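Data block below; observations after.
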Amino acid sequence: MIPGVVTSKLEATVRFHILGANGQSQAIDAIVDTGFEGFLSLPSVTVASLGLPWIYQDRTELIDARTIPIDIHSAVVIWNGKLRSIDVQALGGCNLIGMRLLAGHDLAIRVTDGGAVSIDGIP
């Protein structure tokens, strides 16, 4: 299980680890975003500091219906106790977990300030 907490802004957040290019594990606090269909979105400065390798450029549609180019990088995260290779979008100013990272898991959120968040693998 991956535990988390709901913030005073009612954002469901969890902490997990991502491996940088040097193999070092770094804790990442991220907001669960069920409207984001990718794996993980990190600010470009975080992607650069981790040294995540660039894979390709894609296009993404923003909430205001604009479509913009976006760089996709490769990463390995420790997710539910296991190493998992994922794609990371370099975009925005906050860390977001998307539905592809949540696929195959149950998500429970007690939507109140300080409420519990849990992500459990589906057996």
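Which number do you get for Rg(Cα) / (2.2 N^0.38 Å) in the range 12-103?
1.01
Each residue of the range 18-31 in order: what ³J(HN,Hα) in whole Hz does its phi give by Karplus 6.51 cos²θ - 1.76 cosθ + 1.60, θ = phi - 60°, with x for Gly and Pro?
Coupling constants for the range 18-31: 10, 8, x, 4, 8, x, 6, 8, 10, 6, 10, 9, 9, 8 Hz.
Could you work out the relative contact order of the chain? I mean the mean sequence separation of Cα pairs under 8 Å and 6+ apart, divided by the number of residues, in percent.
For the chain, the relative contact order is 35 percent.
Nearest 5 percent is fine: what portion of the DSSP beta bridges confined to the range 12-103 is antiparallel?
Percentage antiparallel, nearest 5: 85.
Can you grab the distance from the C-alpha centre of the range 71-108 to the C-alpha centre of the range 3-59, Å, no decimals?
Value for the Cα centre distance between the two parts: 6 Å.
Between Asp106 and Ser25, what is the label-to-label distance in nm when each label sits 7 Å out along the Cα-to-Cβ direction?
Output for this residue pair reads 2.5 nm.
Which whole-Hz couplings ³J(HN,Hα) result when phi for each residue of the range 107-114 is put into the Karplus expression 6.51 cos²θ - 1.76 cosθ + 1.60, θ = phi - 60°, listed in order with x for Gly and Pro?
Using θ = phi - 60°, the values come out as 10, 10, 9, 8, 7, 7, 3, x Hz.
Restricting to DSSP loop positions (anything but H, G, I, E, B) with no more than 16 other Cβ atoms inside 10 Å of their own Cβ, which trypsin sites (Lys or Arg not before Pro) remain in the range 63-110?
Loop-located and lightly packed - Arg66, Arg110.
Here, each number is a calculation from the coordinates, and none is a lab measurement. In this text, all values refer to a predicted model and were calculated from it rather than measured experimentally. Here the Cβ is made from the backbone with ideal geometry for all residues, glycine too, and neighbour counts use every protein chain on show.
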